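What follows is a single structure, written as structure tokens, with notes after it.
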Amino acid sequence: MDKFKKIEEAEMAILNTYKRHQIILDKGDGVYLYDTEGKKYLDFAAGIAVFALGYNNKEFNDALKNQIDKLIHTSNYYYNIPAIEAAKKVTSVSNMDKVFFTNSGTEAIEGAIKLAKKYAFVNKGADCYEIISMNNSFHGRTLGALSVTGNEEYQKAFKPLIEGVKFAELNDLQSVISQISEKTCAIIIEPIQGEGGIYPATKEFLEGVKSICEQNDIVLIFDEIQCGMGRTGSMFAFQQYGIIPDVLTTAKALGCGVPVGAFLANEKVASAMVAGDHGSTYGGNPLVCAAVSKVFDLFESNNIINNVNEITPYLENELNKLVDEYDFIESRRGKGLMQGLIFSVPVKDIVEKALDNGLIIISAGKNVIRLVPPLIITKENVDEMIIKFKEVLITL
Ligand SMILES: *Cc1c(COP(=O)(O)O)cnc(C)c1O
């Protein structure tokens, strides 16, 4: 196969929205990926924090294959067993009361926004529709989610977006307070900002926001699409902060590669929605829900969260050594297996060189290397990553 001919075919047929690396990935096994030329890569990106269980997990694959042979889709006019099982598991691990399954992260955000608006509409009136989001946040690419994404670059060509979105500064409670009015229906926060550059919220900040929400009957939405599903050392990051949102969004690792997301809510907020308010043809179909259900089973049987907590101090220590060793690495930020290395130089070339050297890493903003590996990594994998990474850093 002529790789560059294939890439040319891709560029002719696929809409130009990504600047892709010049490799074609072919298969995966554990924490390794292989391209069509047989080159092996250690993967510290997991398809953007998606493949938590590692590639080619036999039990996961078999569960999907079994469901494919049984029933792939039904529509939401009928019940199906995998959806019931998946719903019980995701509400149980998140301590939320109700779930709606979506086909992506951005759709989970759309649903969360609609739910918050409906709650405010019923309880506070039609004038209460404003949403406060954070600067530097990322919530998705569809128009509602884009409206609450604190990134002017992503928004500017697509205005007007939805009305009534205001932005505040993460970890600056005063900036949130200054945006509150009687019209505020929701506040949306990533407990750890992902795309924006791995910025964890402080406990004091989230506590402050929570108490504002309680005082003013404002819906608190946590977007855990990236930081949830075990990545930071608990099933959801909010569980470590000890601050419970009204609405929670998840996706990415929820289906470990099968496209599925979800928004969840406590009973108080969830009860605002009635039949006809929201829907999805595919959402929560038997195939994706068989995946979700198996993901939770495997998290438990493989002690995934224990592994995250065991590997994290080791990884952090190794990354801290890099900060000490290289002048152009300023600091490390993150929680669990969601880590950022802050460079004083743009990291685009570093990502490219790492790829050449058989290491898949991604950026988060211009100056941040983001490490979001499969959650099954071992200390040996960390060592291997550090060696490969240093081989690149030494050339800078
Ligand atoms: C990736 C991401 C989204 C969007 O998810 P998609 O599946 O790409 O639509 C939303 N919020 C956060 C925090 C994300 O990391």
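Let me know the Rg and Dmax you get for region 185-298 when you use only its Cα atoms, in Å.
So, for region 185-298, Rg and Dmax equal 14.9, 42 Å respectively.
Which residue fluctuates the most in the chain, going by a Gaussian network model with Cα springs under 10 Å, if the choices are LYS114, LYS27, LYS89?
Result for the chain, Cα springs under 10 Å: LYS27 fluctuates most.
Can you compute the radius of gyration and Dmax for region 239-344, using only the Cα atoms, both in Å?
19.0, 58
Keeping all protein chains in place and using 1.4 angstrom, which order do ILE81, ILE48 fall into by accessible surface area, from largest down?
Working: ILE81 115, ILE48 75 Å².
Largest accessible area first, the residues go ILE81, ILE48.
Would you give the gap between the C-alpha center of region 104-149 and the C-alpha center of region 249-313, rounded to a whole Å?
Result: 19 Å between the Cα centres.
Within the set of other residues whose C-beta is less than 12 Å from the C-beta of ALA46, count the net charge using Lys and Arg as +1 and Asp and Glu as -1.
Around ALA46, the surrounding residues sum to +2.
Might you tell me the accessible area per residue for the chain, computed with a 1.4 Å probe and given in Å²? Don't skip to the answer; put the middle values down first.
Numbers: 18050 Å² over 396 residues.
That works out to 46 Å² per residue.
May I ask you to order 385-392, 325-332, 69-76, 209-216 by the average number of other C-beta atoms within 10 Å around their residues, highest value first?
Descending mean neighbour count gives 385-392, 209-216, 325-332, 69-76.
With a 1.4 Å probe and all protein chains kept in place, how do THR17, THR36, THR249 rank by accessible area, largest first? All intermediate terms of the calculation are to be shown ahead of the outcome.
Numbers: THR17 95, THR36 55, THR249 0 Å².
Listed by decreasing accessible area, they come as THR17, THR36, THR249.
Please report the carbon-and-sulfur percent of the accessible area for the chain; probe 1.4 Å, protein heavy atoms only, DNA, RNA and ligands left out.
52 percent
Counting only residues 5 or more places away or on other chains, whose amide H sits under 5 Å from the amide H of ALA168 once H atoms are built in the peptide plane?
Close amide H contacts, sequence-distant or interchain: SER133, MET134, ASN135.
Out of region 160-197, which GluC sites (Glu not before Pro) are coil in DSSP terms and have no more than 13 other C-beta atoms within 10 Å?
Details: sites: GLU163, GLU169, GLU182, GLU195; in loops: GLU163, GLU169, GLU182, GLU195.
Loop-located and lightly packed - GLU163, GLU182.
Using a basic spin-label model with each label point 7 Å from the Cα along Cα→Cβ, how many nm lie between ASN61 and LYS156?
In this crude label model, ASN61 to LYS156 measures out at 4.6 nm.
Quick one: angle between helix 58-70 and the longest Cα principal axis of the chain, in degrees between 0 and 90, rounded to 10, please.
Helix 58-70 and the main axis of the chain meet at about 50 degrees.
Lys and Arg at +1, Asp and Glu at -1: add these up for the other residues within a Cβ distance under 12 Å of GLY279 and post the number. Could the numbers behind the result be given before it?
Values: positive: LYS114; negative: GLU107, GLU110, ASP277.
Once positives and negatives cancel, what remains is -2.
Most fluctuating residue of ARG333, ARG370, ARG231 in a GNM of the chain with Cα springs under 10 Å: which is it?
Top of the fluctuation ranking is ARG333.
I need the fraction of alpha carbon pairs in region 59-301 separated by more than 33 Å, rounded to a whole percent.
15 percent
Positive end of the dipole of the chain, charges at C-beta (+1 Lys, Arg; -1 Asp, Glu), about the Cα centre: which of GLY283, SER293, ILE198 has its Cα farthest in that direction?
Farthest towards the positive pole: GLY283.
Rolling a 1.4 angstrom probe over the protein chains, ignoring ligands and nucleic acids, what is the accessible area of LYS6 in square angstrom, nearest 10?
That residue has around 90 Å² of solvent-accessible surface.
Could you tell me what percent of the DSSP beta bridges with both partners in the chain are antiparallel, to the nearest 5?
65 percent
For the chain, with a Gaussian network of springs between Cα atoms less than 10 Å apart, report the residue from SER137, SER94, SER301 with the top mean-square fluctuation.
SER301
The values are calculated or read from the model by the stated rules, or taken from the named source; none is laboratory data. Everything numeric in this text was worked out from a predicted model, so none of it was measured. Because the Cβ atoms are built from the backbone with ideal geometry, glycine has one as well, and the counts that use them run over all protein chains shown. These accessible areas exclude ligands, DNA and RNA; they are computed on the full protein's heavy atoms, side chains included. Shrake-Rupley method; radii C 1.70, N 1.55, O 1.52, S 1.80 Å.
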